[in-house]
1. Quick one: in the range 59-80, which of the residues that are part of a helix (DSSP H, G or I) and touching a helix residue (DSSP H, G or I) at 6+ places or on another chain (Cβ under 7 Å) is surrounded by the most Cβ atoms within 10 Å (Cβ to Cβ)?
2. Taking the range 149-166, which residues are free of Cβ contacts under 8 Å to residues at least 40 places away in the same chain, in contact with a strand residue (DSSP E or B) (Cβ under 8 Å, 6 or more places away or on another chain) and within 19 Å of residue 47 (Cα to Cα)?
3. Taking the options 180, 140, name whichever one is touching a helix residue (DSSP H, G or I) at 6+ places or on another chain (Cβ under 9 Å), buried (at least 18 other Cβ atoms within 10 Å of the Cβ), within 17 Å of residue 35 (Cα to Cα) and in contact (Cβ under 8 Å) with a residue 24 or more places away in the chain.
């Protein structure tokens, strides 16, 4: 009988050993398959990152949750399409067709114009809408969690939010986040 150190390992043997180690590691640390995100901003340009990251995580097989707090609640509000705007004043890096001084970008109607410009640019590039991303998130079982404390502070009711939203506090979210290898504040 040859000794183990005398046996040449084949590529298939190495692959089998690696697969067994990965399975064992996941059994020891199931957090590796979880992602938790915090969405705290409520403008159109800040609605995209948490939804894109969460749907990508879910597509990669991660159990995913987004905790919406403060102005991030706008993203999951039933009236999100009206609430999610872009402010050129608040976004000095926003590309404008022509350079404009802050005084002009602060004028009435500029927020509506900037929002229309961004939506048009996204549409031309084939970027999903917020509605489409929310639909994909729900279809992918991404947990959409509204911060109960923020809801109370702003006077929101559970009925103010889209279907599929859960409600919880920071402690509940942190319980999920501590079991996750991917935790992002967006």
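1. Here is the first cut: in the range 59-80, the ones part of a helix (DSSP H, G or I) are 59, 70-76, 80.
Applying the additional criterion that residues be touching a helix residue (DSSP H, G or I) at 6+ places or on another chain (Cβ under 7 Å) yields 70, 73-75, 80.
Values: 70: 16, 73: 23, 74: 22, 75: 28, 80: 19.
The qualifying residue surrounded by the most Cβ atoms within 10 Å (Cβ to Cβ) is 75.
2. 164, 166
3. On the way: 140 fails: buried (at least 18 other Cβ atoms within 10 Å of the Cβ).
Of 180, 140, the one residue that is touching a helix residue (DSSP H, G or I) at 6+ places or on another chain (Cβ under 9 Å), buried (at least 18 other Cβ atoms within 10 Å of the Cβ), within 17 Å of residue 35 (Cα to Cα) and in contact (Cβ under 8 Å) with a residue 24 or more places away in the chain is 180.
Every residue, every condition in (1) within 15 Å of residue 81 (Cα to Cα); (2) touching a helix residue (DSSP H, G or I) at 6+ places or on another chain (Cβ under 6 Å), yes or no:
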{"position": "112", "(1), (2)": "yes, no"}
{"position": "120", "(1), (2)": "yes, no"}
{"position": "127", "(1), (2)": "no, no"}
{"position": "130", "(1), (2)": "yes, yes"}
{"position": "150", "(1), (2)": "no, yes"}
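Only the coordinates and a few stated rules stand behind these numbers; no lab work does. Since the structure is predicted, the reported quantities are computational estimates derived from the model, not experimental observations. Here the Cβ is made from the backbone with ideal geometry for all residues, glycine too, and neighbour counts use every protein chain on show.
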